[in-house]
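Some notes on the structure that comes next.
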Amino acid sequence: MNLDYEKLLDIDRAHLWHPYTQMKDFETEDLLFIKRAKGILLYDKDNNKYYDTISSWWCIIHGHCHPKIKEAISNQLDILDQVQFAATTHKGAILLAKALVDITPKKLNKVFYSDDGSTACEVALKMSFQYWQNIGKTEKQKFISVENGYHGDTIGTMAVGGTPGFHSPFKPLFYDSYHIPSPYCYRCPYKSSPESCSFVCLEPLERLLKERASEICALIIEPLIQAAGGMIVYPKQYLVKLANLLKEYDVHLIFDEVATGFGKTGTMFALEHVGVEPDFLCLSKGLTAGCIPLAATLTTQEVYQAFYDDYEKGKTFFHGHTFTANPVAVSCALASLDIFKQEDSLNRARPVMDMLQSEKYRFMDLDIVGDVRGIGCIAAFELVEDKDSKKSFPSYMRVGWQVYKQGLKEGLILRPLGDIIYLFLPLVTTELELSDILEKTYRVLKKVQEELLTNG
């Protein structure tokens, strides 16, 4: 290995603390050193290539280093790099706001910029809370979230999260919120099947609203797929029924489309599958095609108007970030939206999405695959110790981690969610690339299965 890389990795081990990583895992082995990227491929220090099958945490839409994104950044840096966004504005922020309003539900006509997915959701939670205070319904102070939901790692978003494995150490810091069951069809506690489902899992929500709607601000949910909670794809009708209940009881609906937005489910936004219009829409990740941090929270004129008053009335929304509407980040977002139009990204990706959703079922031939699920460019394989009982592997076995390490040998980045292996592909993936990815993923899972049998 090149000596420079050895030194860099030594410095990494000495000083860096990586996210969602147990650093002890790398006492005796190196982290994967990525030195460049192109399209859907990542290259390590030895020029070995890896498919970026999870779009670098679900944000790379048009592939790495897209020339139009690079050009937009370069051009913007010649004009304006950064300006605070309180009482100033700039062309890019204005044009992006108009572009987002044009492609989202009609009633969402106000845009508030922030930095990332967590802050986009924090903004929605705070806006909803203050809205009810501003209009005099001060008893509305609680939120509802869905088990297995994930909305970020800031304190506010963790409090409405449903992924204890990520957030349980911080529970004493959380504010009280209500939680309803996850629409986790594979592990349905009511023993329903998708064919016979009557959405009994929504009954706790209906009871809660009947009893407590007067104290509830909003419900936050990821539409159609709970991503970090296990790539749990749920029925469209569930979302329609949920939205109707909230409307009936005058409770805000917050859609967290940080993971699902910008084509990943087959439409520009997941909400388009069901025609539901939320009161808040949270966007990030793919907003800039995964290049530079930027987030946006869209809301309605009604919400906006509740904050519009004389300064002395105390209704101002006191929230902001240093890099709100950063001009370089905004230029990435505008370039990405242009690419969607110029390259007809969604229609071009349709055959690959169809192929993925069709081919995913062959993984059920493997004994350790208990369930497959997916939508758009996303497919997930839930690994189990016993298929009939759906018994999970003991956590100490770290089966997902074994898959990750085996995947690297095949040139795949398969970062698991526990024992759930998933593909979350860039829209530019070709059918030939997908065929190769699927074949290698199958081979990896089969290899791990064989090793588990051999080791008892």
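The values are calculated or read from the model by the stated rules, or taken from the named source; none is laboratory data. Because the structure is predicted, anything quoted here is derived from the model rather than measured. Ideal geometry is used to build each Cβ from the backbone, glycine not excepted, and the neighbour counts take in all protein chains shown.
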Residue within segment 144-152 that is over 29 Å from residue 188 (Cβ atoms) and in the same structural domain as residue 206 (by TED's automatic domain parsing) present: no
Selection status of residue 30, outside any helix (DSSP H, G or I) and in contact with a Pro (Cβ under 7 Å, 6 or more places away or on another chain): no
Residue under evaluation residue 169, criteria (1) closer than 20 Å to residue 279 by Cα; (2) of a type outside the set (Asp, Glu); (3) out of contact with any Gly (no Cβ under 6 Å at 6 or more places or on another chain), criterion not met: (1)
Members of segment 208-233 found to be among the acidic types (Asp, Glu) and touching a residue at least 60 places away in the same chain (Cβ under 8 Å), listed by number: 215, 222
Single residue of 55, 74 found to be polar (S, T, N, Q) and surrounded by fewer than 19 Cβ atoms within 10 Å (Cβ to Cβ): 74
Qualifying helices (runs of 4 or more DSSP H) (wholly inside segment 96-182; at least 3 residues being out of contact with any Lys or Arg (no Cβ under 8 Å at 6 or more places or on another chain) and touching a residue at least 24 places away in the same chain (Cβ under 8 Å)): 117-134
Every residue from segment 42-85 that is within 13 Å of residue 329 (Cα to Cα), within 25 Å of the chain's Cα centre (by Cα) and of a type outside the set (A, V, I, L, M, F, W, C): 70
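For segment 421-435, name all the residues that are aliphatic (A, V, I, L, M) and either over 18 Å from the mean Cα position of the chain (by Cα) or surrounded by fewer than 18 Cβ atoms within 10 Å (Cβ to Cβ) (or both). Outline the logic, then answer.
First, the residues of segment 421-435 that are aliphatic (A, V, I, L, M): 421, 423, 425, 427-428, 432, 434.
Of everything in segment 421-435, those that are aliphatic (A, V, I, L, M) and either over 18 Å from the mean Cα position of the chain (by Cα) or surrounded by fewer than 18 Cβ atoms within 10 Å (Cβ to Cβ) (or both) turn out to be 428, 432, 434.
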Residues satisfying the stated conditions in segment 265-285, i.e. over 21 Å from residue 357 (Cα atoms) and within 14 Å of the chain's Cα centre (by Cα): 281, 282, 283, 284, 285
Residues satisfying the stated conditions in segment 327-382, i.e. in contact with a Cys (Cβ under 6 Å, 6 or more places away or on another chain) and under 16 Å from residue 435 (Cβ atoms): 353
Segment 243-269 - residue that is touching a Phe, Trp or Tyr at 6+ places or on another chain (Cβ under 9 Å) and among the acidic types (Asp, Glu) and, of those, surrounded by the fewest Cβ atoms within 10 Å (Cβ to Cβ): 257
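Could you go through segment 427-444 and let me know if any residue there is in contact with a His (Cβ under 7 Å, 6 or more places away or on another chain) and either of a type in the set (Lys, Arg) or touching a residue at least 40 places away in the same chain (Cβ under 8 Å) (or both).
Step one: list which residues in segment 427-444 are in contact with a His (Cβ under 7 Å, 6 or more places away or on another chain), which gives 427-428.
Next, only the ones that are either of a type in the set (Lys, Arg) or touching a residue at least 40 places away in the same chain (Cβ under 8 Å) (or both) stay: 427-428.
Yes, segment 427-444 contains a residue that is in contact with a His (Cβ under 7 Å, 6 or more places away or on another chain) and either of a type in the set (Lys, Arg) or touching a residue at least 40 places away in the same chain (Cβ under 8 Å) (or both).
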Odd one out for residue 359 among (1) assigned by TED's automatic domain parsing to the domain that holds residue 219; (2) at pLDDT 95 or above; (3) acidic (Asp, Glu): (1)
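Within segment 337-393, can you find the residues that are of a type in the set (D, E, K, R) and on the phi > 0 side of the Ramachandran plot?
Residues satisfying the conditions are 344, 390.
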Filtered residues of segment 393-432 (kept if in a loop (DSSP other than H, G, I, E, B) and within 15 Å of residue 231 (Cβ to Cβ)): 414, 415, 416, 418, 419, 425
